[in-house]
Amino acid sequence: MIDLRRPLRWCFLHLERWLDAVFPAGWNPLHQLGALGFFYYWVVAVSGIYVYVLFDTGTTEAYESVEFMTVEQWYLGGVMRSLHRYASDGMVLMMVVHVLREFSLGRYRGPRWFTWFTGVPVLWLVMIAGISGYWLVWDQLAQYIALETADWLDWLGIFGEPIARNFNTASALDDRFFTLLIFIHIVVPLLLLLVLWIHLQRVSRPQINPKRGLAVGTLAMLLALSFWKPAVSQGPADLAAVPGELGLDWFYLGFYPLMERLSDAAVWGFAVALTLLLAALPWLPPMRKAEATANTAVVDLGNCNGCQRCADDCPYNAIAMVPRSDGMAFDLEARVDSDLCTSCGICMGACPTATPFRRRSELIPGIELPQASARALREDLEAATSGLDGESGVVVFGCAHGPKLERLDLPNVASVALPCIAALPPSYIDYALSRGFAAGVFLAGCHEGDCYHRFGVAWMEERLAGERDPALRRRVPRERIGQAWLAEDGLSDLASAIEDFQAGLAPQAASAGAEPVRKRLEEEEVGSHA
Amino acid sequence: MPRPLQFLGQGVVYLVIALLFGLFSDWPRFTFFPADQAQIMLSFAHGAQRKGECRKLTAEELDELAPNMRRPEICPRERLPVLVELTLDDQPLYRESLPPSGLSGDGPSQVHRRFVVAPGSHRITVRLRDSARSEGFDYERSETIALRERQNFVIDFRSDRGGFVFM
């Protein structure tokens, strides 16, 4: 079966790279699609309140009041109406691109199912809100929407009398119908807000506001568009005549022509099938690897002091701090909800007991991944660096979602793979450098602002900067640490960054008189045996 | 990338998005209905007669009912289908037996159909049967109508107004 995600991911990666070049760090719109969607929602809400003040419900009053704000008060009412329309279009665009991007990156499986699943009704609610808005204008486009929507709904056969009969003649249409419509147009967006709130319930620290500069730019763009091409009506509705040629808003009404070409049953079938497919996607093949579920984080109470750092850092709210159950003199202990755990290992990176310097007691931290344990990480580091020389040997710690480390082929460079870069406790950097395993440590993670595990890059940067516990010790020479946050197609950029970093290491090593790799460890082990 | 080029690039991004919104909010235009045609819409909801006759309850049957449930007559719920026929210039355009709506078949029969026809003068005839008769119709109306281009000519049925209503 063709994996649709691959070509989509390729497109997104290339677009992302270009957007990275033109937007400041952290502004890439592709990394803020949800936040931009929220921003468009607020623009729609604020402009909608103003439009509502001027709007009048009634078969003739609706059109006249919209014309008043568009023509007589173009400088404010007209601009507000245009903002209302274009920001609504923006919501649809952000929503669709957001869905496609999350799909292409596989961010809909496992514990992410809830966020994906609760996003599906958002699609319907946005469409209902938008279509009911177009209906309210009661111009010829609204008449077309009324005729087609009523026919479509009547197919269900659940209404006592066909809704479409309300639009047979002008005398059949009641002013109260517009009251009902405006009720729908207000209630549905409020319901949408509620569903969006539910949508974010399992997302810790959700980003619902875009970067200020991006918000300002977007608003300026909408304003400029509103002046350049104001939203206008398409002639008053006339039920004695059939609407002819129309300008459709394809963002909302793109599927309406299908209603004419296909039967109502077929369009219902398509809509329901697409909804069910989207909703069921987290459980459809290709399935998540079985080992991932078996590798959820485990707590070792003997080493857990209830410090809460793992719970603070978990991007999925999978760790809760609960009252102590083993009688030790701490108030709390960490408890992992395996249904929410994605095996990212960030908790292990946050655990202060996950330190490779421990030699006298067995290296079992308070929390870790069984199949990517702290002890295994130390062994991997020691094994990987066995062939490096002390002058310029570099060990690269890389995450599984950035450039593929196994394809990195550089002389005197070793690599250690992690589920996420923040799964690396900072003490391992100290360990690698102070024990002479490598002359430099290079950290490679996901693209900045778009970490697969949401906060891996951010947490690691804060730990390096000493702003987040467990922080990297001050004694560790920062000039011996390099980093690059790149998307999965950034292998060549990663190789260049490592080579540059490595080239800068040799003179430092010479001046610092670095000891040969592993010498210190060998001496220490001899000492400890003695 | 130099800062001026970055600003230029951002401007291009905003311009492309603005063009997307501006363009696809009303283009390409869509022709819902051809300008040189007219439309006849047959639309009504009408309940046919009941399938069976109403009958008076016997004294024994009345005694079995609670006092507040006693009615002099009992009628079967299910209605007959409505047969409707529409002809244009004596040519058949539509003929259908419309079943009653509702789970028990006791609701009105409904139709809401649109027919695209050439504008101009036409003899429109519409007939309806809502009884148990096997031949002929209970209601009929026939008129010559001059249809304009894009006119929406509605045929409704209102039993309280004596039958078919042309609008």
About the Cα centre, and with charges only on the beta carbon of Lys, Arg (+1) and Asp, Glu (-1), how big is the dipole of chain A? Nearest 20 debye, please.
1260 debye
For A:ASP175, what charge total do you get from the other residues with a beta carbon under 11 Å from its beta carbon, if Lys and Arg give +1 and Asp and Glu give -1?
-2
Phi to ³J(HN,Hα) by Karplus 6.51 cos²θ - 1.76 cosθ + 1.60 over the range B:113-118, Hz, x for Gly, Pro:
10, 10, 10, 8, 9, 6
Of B:ASP106, B:ASP130, B:ASP90, the most mobile residue in a GNM of chain B (C-alpha springs, cutoff 10 Å) is B:ASP90
For the range B:76-152, taking Cα atoms only, what is the radius of gyration to one decimal and the Dmax to the nearest whole Å?
14.8, 47
In degrees rounded to 10, the 0-90 angle between helix A:519-529 Cα long axis and the longest Cα principal axis of chain A is 70 degrees
Which residue fluctuates most in the GNM of chain B (Cα springs below 10 Å): B:SER97, B:SER134, B:SER43?
B:SER134
Enter the accessible area per residue of the protein assembly as shown (Å², integer; probe 1.4 Å; all protein chains in place).
48 Å²
Shielding by other protein chains, A:148-159, mean Cβ within 10 Å
1
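Just counting partner chain Cβ atoms within 10 Å, what average do the residues of peptide A:245-252 show around their Cβ?
Numbers: counts 7, 6, 6, 8, 5, 8, 4, 1.
The mean count of partner-chain Cβ atoms within 10 Å per residue comes to 6.
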Treating the beta-carbon of each Lys and Arg as +1 and of each Asp and Glu as -1, no other charges, what is the dipole magnitude of the range A:377-463 about its Cα centre, to the nearest 20 debye?
160 debye
Relative to chain A, whose Cα atoms define the longest principal axis, helix A:140-154 and its Cα axis are tilted in degrees, nearest 10, by 80 degrees
Scaled radius of gyration (Cα, divided by 2.2 N^0.38 Å) that chain B gives
1.83
Residue farthest toward the positive end of the dipole of the range B:12-108, with Cβ of Lys/Arg at +1 and Asp/Glu at -1: which of B:PRO92, B:PHE33, B:GLY107?
B:GLY107
³J(HN,Hα) across the range A:127-136 via Karplus (A = 6.51, B = -1.76, C = 1.60, θ = phi - 60°), whole Hz, x for Gly/Pro?
5, 5, 4, x, 5, 5, x, 5, 5, 5
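How many percent of the accessible area of the protein assembly as shown is carbon or sulfur, using a 1.4 Å probe? Show your work: numbers first, answer last.
Numbers: 19450 of 33260 Å².
It is 58 percent, rounded to a whole number.
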Let me see the pair-distance distribution of the range A:294-529: every alpha carbon pair, 5 Å bin width, integer percents in order.
1, 7, 14, 18, 20, 16, 11, 7, 4, 1, 0
Could you list the GluC sites (Glu not before Pro) in the range B:1-78 that lie in coil according to DSSP, counting only those with at most 16 other Cβ atoms within 10 Å of their Cβ?
B:GLU53, B:GLU78
Rg and Dmax of the range A:18-76 over Cα atoms: what are they, in angstrom?
17.9, 52
Shielding of B:11-23 by partner chains, average beta-carbon count, 10 Å:
6
For chain A, percent of DSSP beta bridges that are antiparallel (nearest 5) comes out at 35 percent
Dividing the alpha-carbon radius of gyration of the range A:33-281 by 2.2 N^0.38 Å (N being the number of residues), what value is obtained?
1.05
Please sort A:342-348, A:360-366 by packing, taking for each peptide the average over its residues of neighbouring beta carbons within 10 angstrom, highest first.
A:342-348, A:360-366
Expressed to one decimal in nm², the mean projection of the alpha carbon convex hull of the protein assembly as shown is 45.2 nm²
In deg cm²/dmol, rounded to 500, what helix-only [θ] at 222 nm does the protein assembly as shown give when every DSSP H run of at least 4 residues adds -39500 (n - 2.57) and the total is split over its residues?
-13000 deg cm²/dmol
Sequence of B:ARG71, B:ARG158 when ordered by accessible area, the most exposed leading, probe 1.4 angstrom:
B:ARG71, B:ARG158
Under a 10 Å cutoff between Cα atoms, tell me which one of B:GLY22, B:GLY52, B:GLY105 has the largest fluctuation in the Gaussian network model of chain B.
B:GLY22
Relative contact order (%) - criterion: Cα under 8 Å, at least six apart; region: the range A:294-529
19 percent
Counting pairs of alpha carbon atoms under 8 Å apart in space and at least six apart in sequence, what relative contact order in percent does chain B give?
26 percent
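When only C-alpha pairs under 8 Å and at least 6 residues apart count, what is the relative contact order of the range A:92-225, in percent?
Reported as a whole number, the value is 31 percent.
Could you tell me the total accessible area buried at the A-B interface, probe 1.4 Å, in square angstrom to the nearest hundred?
3900 Å²
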Using only the alpha-carbon atoms, how far is helix B:3-24 inclined from the longest principal axis of chain B? Give it as 0 to 90 degrees, nearest 10.
30 degrees
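The values are calculated or read from the model by the stated rules, or taken from the named source; none is laboratory data. The shown structure was predicted, so the numbers you read here are calculated from the model rather than taken from an experiment. No Cβ is skipped: glycine too gets one built from the backbone with ideal geometry, and neighbour counts run over all protein chains shown. All accessible areas refer to the heavy atoms of the entire protein, side chains included, with ligands and DNA or RNA removed. Shrake-Rupley method; radii C 1.70, N 1.55, O 1.52, S 1.80 Å.
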